[in-house]
Every structure is written in structure tokens, then in C-alpha cells.
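*Asks:* Quick one: this structure, given as C-alpha cells, is what I'll be asking you about.
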Amino acid sequence: MVTEVETQEGVKSIEKLVSQRDLIVYNDDVNTFDHVIESLIKVCRHESEQAEQCTWIIHFNGKCQVKRGSFEKLEPMCTGLLDRGISAAIE
């Protein structure tokens, strides 16, 4: 979707609205905390504290939104997590 926005100076600019999606990681009984934390750091470029927090949320809530962005940005991350045996999806 593309929209036109008129600024205060009367000049029109065009903004492209990018559909934002969520990368969701789901809990399972197979992967260890350390494996999920390490994967979030390597694949999603999380800081260690952020990866640990997401892992606890996954554990207690059954899932966690670990990244937000365009499908094109999230797709390689989702594939990387799936390749490591972690249940993930883009929603």
C-alpha cells in the first residue's frame, strides 16, 4: 500500500507502508534453554539478556514474539531457527 502525505510546507511525499509481521517461537519438550538462547543470539541477533527473557516467556506462555519486521527480513531468521530444530513461524 502506498499513501501520499502532505507536509506543512505543502510538499507531497510518498510513504510506502510496509506490512509488519511477527516471528513467533513456540515451546517444545525437545530443545534446551541453552540451545534456544544460543539460537536467538546467532540467528536473530539478540543480546544475551533479551534471548534469555524470550526463552523464559516461551517456556511459561508457550510462545513468544521474538522479532518484528517485514516478511523478507524475518523469513531467513525463521528458516534458521527451523534448521536448528526450533518451532517458529511468521504471523
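Computed from the coordinates by the stated procedures, all read-outs in this text should not be read as laboratory data. Here the structure is a predicted model, which means the values were calculated and not measured. Don't worry about glycine lacking a Cβ; one is built from the backbone with ideal geometry, like all the others, and counts go over all protein chains shown.
*Asks:* Using only alpha-carbon positions, what ratio does the radius of gyration of region 19-90 give when scaled by 2.2 N^0.38 Å?
*Replies:* Normalised Rg, Cα atoms only: 0.97.
*Asks:* Please report Thr79, Thr32 as a ranked list, fewest other C-beta atoms within 10 angstrom at the top and most at the bottom.
*Replies:* Thr32, Thr79
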